[in-house]
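Coordinate-derived values only; no laboratory data. Values in this document were obtained by computation on a predicted structure and should not be read as measured data. Cβ: placed from backbone, ideal geometry, glycine included. Neighbour counts: every protein chain shown.
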Amino acid sequence: MDYKNIKYEKRGPIAYVTLNRPDKLNALSNDLQLEMRHALENAGWEDQEIRVIVLKAAGRAFSAGFDITAGQKLNAAEWRARFLKGKTFSASAWWDVFWNNPKPIIAQIHGFCIAGGLATATFCDLRICSEDAKFGAPEIRTGGPYIPAVWPWVIGMTKARELLYTGNLIDADEAKRLDLVNQVVPGAELDAAVERQALTIAKLPAATVEYNKKLINMSYELMGVRQVLERSMELEAIAVTSADSSPEIAEFESIREKDGLKAALSWNAARFDDEDAWFKKSRERG
């Protein structure tokens, strides 16, 4: 594939997949998703020289989430067909590219890692971030739910409820405390920290790493993670197609159609200014 939205590079036993839409904060467009899926499949199943995959990003952020600039509106049947075809981010086939990939995937995170960008990073096996990283699901403030909702398994039910009921962001230190990330390092040391971890894994027998990944996956599948992910897709279709029943979403879409996406996002952000200021001050007070 002739990649236009990502970069793909091999260095020894490590494959580097770089999101490369820095002017859009690496928003996950359909084209980017398809290219990324192709690269992960190639590195995971076809290239036997690769032992570890690193997912990183160009520019000042890992990813701001889905590319919603297209303003695409689908009905319930079209949403469900979209999922079943496995052509977009929300599809179970997309989840499987990470979950069932025989190679461990390390997310190298800096800047904003939010919305669909955070879901993508959460699908990875390990996450190492710089001190400036920010995490969260702010998109729920314009609708929801957060799909796919794997956070109860990753950070625990109590914190998952808080973040998914508020849309608040957390910093790198809080992400480490919650085990959302494995390691936090200064930005200048991020590349080296990720490479060091990847090379350590690459020294193990490939079969050992692959089977250990399968064992860990199996333990979570026995707890029902796959069933929740499948159900979450149905809930997303229902939520998206029933948006008209929410006055907040209706107003957001009205402003978006009249004045554009930026105006709609500004309107929505202003509704939370007081809460965000209070949250920031409370964090500063410790």
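Tabulated values for the structure
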| read-out | value |
| --- | --- |
| Residue exposure sequence - His38, His110 - by fewest surrounding Cβ within 10 Å | His38, His110 |
| Backbone N under 20 Å from the Leu199 label point (7 Å along Cα→Cβ), restricted to the stretch 100-133 | 104-109, 126-130 |
| Cα gyration tensor, the stretch 121-255 - rounded (a/c under 1.5), prolate or oblate | oblate |
| Coil-residue trypsin sites (Lys or Arg not before Pro) of the stretch 183-253, DSSP, other Cβ within 10 Å capped at 14 | Lys203 |
| Cα gyration tensor, the stretch 6-241 - rounded (a/c under 1.5), prolate or oblate | rounded |
| Linear extension gain, Asp31 paired with Asp96, 0.36 nm per residue minus alpha-carbon span | 21.6 nm |
